[in-house]
Amino acid sequence: MCLQFEFPVSLTAEKFIAKLGKQVETQLISRQYSLKTYYDSFDWRLYANGLTCEFNRSKTTIALTLRSLENNLVIAVTDVHEVPVFSTQFPPGTIRSTLEPILEMRALLSVCTLDYEAYRLNIINKDKKTVVRLFIEEHELLNNRLTLQTIKGYDKTAEHIIEILTDQLGLSLTDQPVLLAALALQGRQPNDYSSKLLIHLDPIMRADIACKIIYKQLLNVIKANEQGTINDTDSEFLHDFRVAVRKTRSGLSQLKGVFPDPINAYYADFFSWLGQITGPTRDLDVYLLNFESYKSSLPISIREDINPLYDFLLDKQRKRQRELAKHLKSRKYLTPLAEWTHYLEQRVQNKPIEPNAGLSIKQLADSRIWKVYKRVVREGDAITELSESEKLHDLRKSCKKLRYLIEFFQSLYPDNQIRHLLRSLKELQEVLGDFQDYQVQEHNLKEFSEEMLAGKLHASTVLAMGVLIQNLDTRRYKARSDFNSRFSAFRQAENQAAYKSLFAAKS
């Protein structure tokens, strides 16, 4: 068992050790200057899963430690001279197997660093046996910390020591990780970034004010991911950047008549351009992320033959990434984004002339969601077994617009009903997305194979890519065959009634 205690403000480590030594026999094992750097992903995946990742450096020790947030217990320790960027770069073992499913494609990034004096202290009994271990961290800017580690068979002794610490020496039990106090010094807190829209709108709020609130949050996501996208820190920076861009585009196209038409058109063009310049890099990121899945779908006998495709994709991704970084450092990007920031910060007019600006946001939300929902149903009903692929792609776009509108305005409606509607919509989007993704991947892989053939490409790799393309074609066919059942589930009477009661009554 590990317990954490916080020192009183005026109590130094040396004074504490001296006072404790008058109560019990102590043995100082070591004292040394140490550095502790906390790591997590940009979106706090470790913290969200109850873990901290510490990289500890001192004169005698360099180690990475995974701990439980709940009880501060060590889950695993490994000796490393530097922290790997990705979980797959750790050697096989507990740390890698713990981190991989949590971090996935996300990089480990430094969150904060603490320097402190570290003391290791044992409490021994009259037989000179260690009965309790104490670890002290003496910080300059934070309250000093003590971790007490009990030893099996000496529980009563540990209870006595705890009484001394709390009743006589003034230490207080704490379950707050040092990480939280260290972040507070920087004006930060865990989970201070999320790509999800967390917007709480007042139903009677004017539409133009509410839309600015929505676009500001999306702009914050774009800016938060900008540098990580430029640096290619990990693929999720570009993913979150693109989603925020796409949602902004969708809002500008779906919520017209709120801002002046010239403003709306100018920024719709700008965010459309952003979508275009980020698309190729993201597509290549996806191919690289899916590569092991591609590989495992092949017969074992030809799996290794597909490896040249990875090198080809990586080279292509790096070139596209360099082009994208240049775009995001250019005036063509920076100037409109600064103008958009300024526009969103400006106060709205007291008497707007745009037709929808003065509506309550609830009125606008009801009207737009109901209209787009009816379009989704109409487009879906028109799809038959003979319909061309473009019909499904159009429906997918409409579903995406509907989902974004619901996400923008979900705080205006009962949470349990909105969650149900979003779940059924996401299930329909999933099958439509799979169908399009497989079709696009199949087409692009054919083009890649032709490009690769221009170089020195072994026949076995051509064969392996052909099998992969066939596998994608099979998956595409399966997604197409799943469409009817998914759309029927979305189209069911209960769903229609829910949409009508929520959005149509006052539209």
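Based on this model, can you work out whether Lys426 counts as in a helix (DSSP H, G or I), under 24 Å from the mean Cα position of the chain (by Cα), within 26 Å of Lys256 (Cα to Cα) and modelled with pLDDT of 95 or more? Let's see the steps before the verdict.
Details: in a helix (DSSP H, G or I): yes; under 24 Å from the mean Cα position of the chain (by Cα): yes; within 26 Å of Lys256 (Cα to Cα): yes; modelled with pLDDT of 95 or more: yes.
Against the criterion (in a helix (DSSP H, G or I), under 24 Å from the mean Cα position of the chain (by Cα), within 26 Å of Lys256 (Cα to Cα) and modelled with pLDDT of 95 or more), Lys426 qualifies.
Among all residue pairs at least 6 apart or on different chains, which show Cβ distances below 6 Å where the first residue, located in the range 9-23, is among the charged types (D, E, K, R) and the second is surrounded by 15 or more Cβ atoms within 10 Å (Cβ to Cβ)?
Sorted first by the residue in the range 9-23, then by its partner, the pairs are Lys19/Leu169.
So is Leu445 in the same structural domain as Ala365 (by TED's automatic domain parsing), of a type outside the set (Val, Ile, Thr) and touching a residue at least 12 places away in the same chain (Cβ under 8 Å) or not?
Values: in the same structural domain as Ala365 (by TED's automatic domain parsing): yes; of a type outside the set (Val, Ile, Thr): yes; touching a residue at least 12 places away in the same chain (Cβ under 8 Å): yes.
In short, yes.
Of the residues Ile151, Ile161, which single one is of a type outside the set (S, T, N, Q), farther than 29 Å from Tyr413 by Cα, crowded, with 18+ Cβ neighbours inside 10 Å and over 29 Å from the mean Cα position of the chain (by Cα)?
On the way: Ile151 fails: crowded, with 18+ Cβ neighbours inside 10 Å.
Only one candidate passes the filter, namely Ile161.
Which of the numbered conditions does Glu70 fail, given that it passes all the others? Conditions: (1) assigned to a strand (DSSP E or B); (2) under 20 Å from Thr150 (Cα atoms); (3) among the charged types (D, E, K, R).
The one condition Glu70 does not meet is (1).
Report yes if Lys256 is closer than 25 Å to Ile353 by Cβ, in a helix (DSSP H, G or I), touching a residue at least 24 places away in the same chain (Cβ under 8 Å) and out of contact with any Phe, Trp or Tyr (no Cβ under 6 Å at 6 or more places or on another chain), otherwise no. Spell out how you get there, then give the answer.
Numbers: closer than 25 Å to Ile353 by Cβ: yes; in a helix (DSSP H, G or I): no; touching a residue at least 24 places away in the same chain (Cβ under 8 Å): yes; out of contact with any Phe, Trp or Tyr (no Cβ under 6 Å at 6 or more places or on another chain): yes.
In short, no.
Is the range 298-307 home to any residue that is assigned to a loop (DSSP other than H, G, I, E, B), within 26 Å of Ile406 (Cβ to Cβ) and touching a residue at least 60 places away in the same chain (Cβ under 8 Å)?
no
So in the range 22-47, with the set limited to residues that are loosely packed, with under 14 Cβ neighbours inside 10 Å and not polar (S, T, N, Q), which one is nearest to His81 (Cα to Cα)?
Among them, the one singled out is Tyr33.
Within the range 99-110, can one find any residue that is assigned to a strand (DSSP E or B), modelled with pLDDT of 95 or more, among the small types (Gly, Ala, Ser) and in the same structural domain as Lys22 (by TED's automatic domain parsing)?
Of the residues in the range 99-110, the ones assigned to a strand (DSSP E or B) are 109-110.
Subset that is modelled with pLDDT of 95 or more: 109-110.
If we keep only those that are among the small types (Gly, Ala, Ser) too, we end up with 110.
When the remaining residues are screened for being in the same structural domain as Lys22 (by TED's automatic domain parsing), the result is 110.
Looking for residues that are assigned to a strand (DSSP E or B), modelled with pLDDT of 95 or more, among the small types (Gly, Ala, Ser) and in the same structural domain as Lys22 (by TED's automatic domain parsing), one finds at least one in the range 99-110, hence yes.
Hey, can you tell me all the residues within the range 347-370 that are among the basic types (Lys, Arg) and part of a loop (DSSP other than H, G, I, E, B)? Even if it seems obvious, please write down each step before you answer.
The initial filter retains those residues of the range 347-370 that are among the basic types (Lys, Arg), namely 347, 351, 362, 368.
Arg347, Lys351 - these are the residues of the range 347-370 that are among the basic types (Lys, Arg) and part of a loop (DSSP other than H, G, I, E, B).
Pull up the range 128-148, narrow it to residues that are free of Cβ contacts under 8 Å to residues at least 60 places away in the same chain, among the basic types (Lys, Arg) and on the phi < 0 side of the Ramachandran plot, then point me to the one that is surrounded by the most Cβ atoms within 10 Å (Cβ to Cβ).
Arg133
State whether the residues of the range 325-341 include one that is of a type in the set (S, T, N, Q) and either crowded, with 16+ Cβ neighbours inside 10 Å or within 28 Å of Leu457 (Cα to Cα) (or both).
no
One line per residue, one yes/no per condition, for (1) in the same structural domain as Asp43 (by TED's automatic domain parsing); (2) surrounded by fewer than 21 Cβ atoms within 10 Å (Cβ to Cβ); (3) of a type in the set (S, T, N, Q); (4) closer than 30 Å to Met465 by Cα:
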{"site": "Val221", "(1), (2), (3), (4)": "no, no, no, no"}
{"site": "Gly228", "(1), (2), (3), (4)": "no, yes, no, no"}
{"site": "Asp232", "(1), (2), (3), (4)": "no, yes, no, yes"}
{"site": "Phe271", "(1), (2), (3), (4)": "no, no, no, no"}
{"site": "Gly275", "(1), (2), (3), (4)": "no, yes, no, yes"}
{"site": "Phe291", "(1), (2), (3), (4)": "no, yes, no, yes"}
{"site": "Ser297", "(1), (2), (3), (4)": "no, yes, yes, yes"}
{"site": "Arg322", "(1), (2), (3), (4)": "no, yes, no, yes"}
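With the requirement that a residue be modelled with pLDDT of 95 or more and either outside the structural domain of Asn264 (by TED's automatic domain parsing) or among the basic types (Lys, Arg) (or both), what does the range 324-360 give you?
Lys326, Lys329, Arg331, Lys332
If you go through the range 14-70, how many residues are over 42 Å from the mean Cα position of the chain (by Cα) and on the phi > 0 side of the Ramachandran plot?
From the range 14-70, those over 42 Å from the mean Cα position of the chain (by Cα) are 14-28; that's our starting set.
Subsequent filtering for residues that are on the phi > 0 side of the Ramachandran plot retains none.
Counting residues in the range 14-70 that are over 42 Å from the mean Cα position of the chain (by Cα) and on the phi > 0 side of the Ramachandran plot gives 0.
Filter the range 304-317 down to the residues that are within 16 Å of Leu289 (Cα to Cα) and surrounded by 13 or more Cβ atoms within 10 Å (Cβ to Cβ) and list them by number. Don't jump to the end; show me each part of the working.
At the first step, the residues of the range 304-317 found to be within 16 Å of Leu289 (Cα to Cα) are 306-317.
Within the range 304-317, Ile306, Asn307, Pro308, Leu309, Tyr310, Phe312, Leu313, Leu314, Lys316, Gln317 meet the criteria.
Within the range 24-63, work out how many residues are in contact with a strand residue (DSSP E or B) (Cβ under 8 Å, 6 or more places away or on another chain), touching a residue at least 60 places away in the same chain (Cβ under 8 Å) and among the small types (Gly, Ala, Ser).
4
Condition first: in contact with a strand residue (DSSP E or B) (Cβ under 9 Å, 6 or more places away or on another chain), assigned by TED's automatic domain parsing to the domain that holds Ala498 and buried (at least 20 other Cβ atoms within 10 Å of the Cβ). Can you find one or more residues in the range 362-375 that meet it? Full working, then the answer.
Looking only at the range 362-375, we keep the residues that are in contact with a strand residue (DSSP E or B) (Cβ under 9 Å, 6 or more places away or on another chain), and these are none.
No: the range 362-375 contains no residue that is in contact with a strand residue (DSSP E or B) (Cβ under 9 Å, 6 or more places away or on another chain), assigned by TED's automatic domain parsing to the domain that holds Ala498 and buried (at least 20 other Cβ atoms within 10 Å of the Cβ).
Here is a yes/no grid of residues against (1) part of a strand (DSSP E or B); (2) touching a Phe, Trp or Tyr at 6+ places or on another chain (Cβ under 8 Å); (3) not assigned by TED's automatic domain parsing to the domain that holds Asn71:
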{"position": "Ser10", "(1), (2), (3)": "no, no, no"}
{"position": "Glu14", "(1), (2), (3)": "no, no, no"}
{"position": "Leu20", "(1), (2), (3)": "no, no, no"}
{"position": "Gln27", "(1), (2), (3)": "yes, no, no"}
{"position": "Thr37", "(1), (2), (3)": "yes, yes, no"}
{"position": "Tyr47", "(1), (2), (3)": "no, no, no"}
{"position": "Phe55", "(1), (2), (3)": "yes, yes, no"}
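Could you tell me which residue of the range 450-504 is surrounded by the most Cβ atoms within 10 Å (Cβ to Cβ), considering only residues that are touching a residue at least 40 places away in the same chain (Cβ under 8 Å) and assigned to a loop (DSSP other than H, G, I, E, B)?
Per the criteria, the residue is Leu457.
Among Leu114, Leu108, Leu103, which is surrounded by 13 or more Cβ atoms within 10 Å (Cβ to Cβ), among the hydrophobic types (A, V, I, L, M, F, W, C), touching a residue at least 24 places away in the same chain (Cβ under 8 Å) and closer than 30 Å to Thr150 by Cα? Before the answer, list the steps.
On the way: Leu108 fails: closer than 30 Å to Thr150 by Cα; Leu103 fails: closer than 30 Å to Thr150 by Cα.
Every option except Leu114 fails the conditions.
The values are calculated or read from the model by the stated rules, or taken from the named source; none is laboratory data. Nothing here was measured: the structure is a model prediction, and the numbers come from that model. Cβ: placed from backbone, ideal geometry, glycine included. Neighbour counts: every protein chain shown.
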